[in-house]
1. Taking the range 43-92 as the region of interest, how many residues are within 19 Å of residue 169 (Cα to Cα) and out of contact with any strand residue (DSSP E or B) (no Cβ under 8 Å at 6 or more places or on another chain)?
2. Determine which member of the set 130, 109 is in a helix (DSSP H, G or I) and small (Gly, Ala, Ser).
3. Taking into account only those residues within the range 69-89 that are at pLDDT below 85 and within 22 Å of residue 190 (Cβ to Cβ), which is farthest from the chain's Cα centre (by Cα)?
4. Within the range 71-98, which residues are surrounded by 14 or more Cβ atoms within 10 Å (Cβ to Cβ) and assigned to a strand (DSSP E or B)?
5. Residue under question is residue 150, and the condition is that it be farther than 19 Å from residue 57 by Cβ, of a type in the set (A, V, I, L, M, F, W, C) and surrounded by 17 or more Cβ atoms within 10 Å (Cβ to Cβ); does it hold?
6. Filter the range 32-68 for residues that are at pLDDT 80 or above, crowded, with 18+ Cβ neighbours inside 10 Å, outside any loop (DSSP other than H, G, I, E, B) and not aliphatic (A, V, I, L, M) and give the result.
7. Only one of 90, 109, 83 is among the polar types (S, T, N, Q) and more than 15 Å from residue 200 (Cα to Cα); which?
Amino acid sequence: MQFLLLVGQIIVALISYRIFLGILTILFSSIGRFPRRVLQVFQIQKSDLKKPLIRVQGRAEGLISFILTHLGLSDQTHFELYSDRIFYRSNSLSLQVVNTVSPGHINYSICTLYQPIWVLVLGVIQMLGSILSLLGVMFIGSGISVILAVLAFYSAYFFWTNRFLVMGVCPSNGEKFGIIFKRSIIENMEVNFEKVRTAMKMVDDVMLRKTK
């Protein structure tokens, strides 16, 4: 009975903590207002008039979104660079946005990496609390120690799976087009910041050629 009670407390603590981390990420990430996606496709290739130089595709987060994507019903965002245009599409069940922009009309490109380091700090504090609770088990109880240890490991997992990469462009009309994405656990897709920088350098090169 005590074991089941502890398991229930851990589940409640994890759910509450996940909601707490989600709210803090939205409030303090400062990574723009582009759609947040998990990465499905990230391709860079040599110049070809028929194929995109850069192709990025992401879907909404979650297992349900993964299932709906295969049914053609999920939110998705596409960002593609051709030698003569930038194509952007964001679609959901209720709305589809499609934009094609000439590189010559781009003011600047956007390339950002966001890592929630503060989550790791919370994880260290939780692990220290777990150790201290374990040392003082006769006064506090082992349940608190276990819960804090679980939260500490979840903090590390949250950091590992919530490193966001941002790429986008700002046309001369001031409207920004881009995508915020993180690694996909289900599709096992991950791209580091260097690859995103390489991709956005290609955007800059095409943009500069068109403005000359």
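1. Selection size over the range 43-92: 3.
2. After ruling out the rest, the residue left standing is 130.
3. 70
4. 76, 77, 78, 79, 80, 81, 86, 87, 88, 89, 90, 91
5. In short, yes.
6. Answer for the range 32-68, where residues must be at pLDDT 80 or above, crowded, with 18+ Cβ neighbours inside 10 Å, outside any loop (DSSP other than H, G, I, E, B) and not aliphatic (A, V, I, L, M): 36, 37, 40, 42, 55, 57, 58, 59.
7. Going through 90, 109, 83 in turn, the sole match is 90.
Yes/no per residue for (1) modelled with pLDDT of 85 or more; (2) within 12 Å of the chain's Cα centre (by Cα); (3) among the basic types (Lys, Arg):
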{"site": "141", "(1), (2), (3)": "no, no, no"}
{"site": "156", "(1), (2), (3)": "yes, no, no"}
{"site": "159", "(1), (2), (3)": "yes, yes, no"}
{"site": "164", "(1), (2), (3)": "yes, yes, no"}
{"site": "170", "(1), (2), (3)": "yes, no, no"}
{"site": "174", "(1), (2), (3)": "no, no, no"}
{"site": "188", "(1), (2), (3)": "no, no, no"}
{"site": "198", "(1), (2), (3)": "yes, no, no"}
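The values are calculated or read from the model by the stated rules, or taken from the named source; none is laboratory data. The model shown is predicted, which means the values in this text are computed figures rather than measured ones. Every residue, glycine among them, receives a Cβ derived from its backbone with ideal geometry; neighbour counts consider all protein chains shown.
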